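Structure record follows, encoded as structure tokens.
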Amino acid sequence: AVVEDPTEISLMELPSDSEDGETPLSIGILGFGAFGQFLAAQMARKHRVSCLDKLDKSVEARNVGADYYPSFEMTRFLKDLDVVILAVPMIDLEETIVALPVDKLAGKLLVDVSPLNQHPKSILLRAFASHPEIDILVTNPMLGPTARGAQASAITASAINGSKGGVVLTPSNAEALAEAASSRWDGRPVVYERVRVANIPRCDRYLKIFEKARCQVIEMGSDQHDATTGDAEFVTHMVGRLL
């Protein structure tokens, strides 16, 4: 009898993963650094993924099966997208959001993936206060080559009791990168808050990407999330400075 590696078993796709009959989402990732590439590697397995970055990321996009758009092609990039993921550094987040063409975001789900949620939530609500046609979801996917371990532990404990830095992966083909990504998704927490969501089924389909990757998908208010993860973030950064 062949004894299978339990690690591989945990990452196998179940029959229901490929037989749900759902149409793939069209997902655009705004900001294609290490974390954006990491998300794309997994998402491109089942969905149409494109990316936009001010730097030429055409090679990186090709490696993970995504389409690359330069920053001056924002209109083309946004056309026909279901979901727009904001994967820029937090220091650039407000400037990036303010510069977005509001009329091109109508009917789309805008997703933030910052390690803290309250600040991005405030920026998004302020920027799109008069545009209820834009759905807003704030998330913290604690994934990646150097996944936010202390933060993930704090969130998991909080959920049980009461409720992106990273290394750039550049293998020679998309399948290898996707496999590497999968190993950093299984069992990891993904925290989210539906800030303003009219199209619930679409939002659920997006969150299902993480559920199918065996993540712990946890709904939590931004205030509670940031309070829970704040100390863990401080410890993580302090240890990083000391090493």
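Overview of results
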| quantity | calculated |
| --- | --- |
| Some residue of region 101-112 being within 17 Å of the chain's Cα centre (by Cα), crowded, with 20+ Cβ neighbours inside 10 Å and assigned to a helix (DSSP H, G or I) | no |
| Residue, least open to solvent (accessible area, probe 1.4 Å), within region 35-94, restricted to residues that are in contact with a strand residue (DSSP E or B) (Cβ under 9 Å, 6 or more places away or on another chain) and among the basic types (K, R) | K57 |
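The values are calculated or read from the model by the stated rules, or taken from the named source; none is laboratory data. Here the structure is a predicted model, which is why all the values come from computation and not from measurement. Cβ sites come from the backbone with ideal geometry, for glycine too, and all protein chains shown count toward neighbours. What goes into the accessible areas is simple: the full protein's heavy atoms, side chains included, and nothing from ligands, DNA or RNA. Shrake-Rupley method; radii C 1.70, N 1.55, O 1.52, S 1.80 Å.
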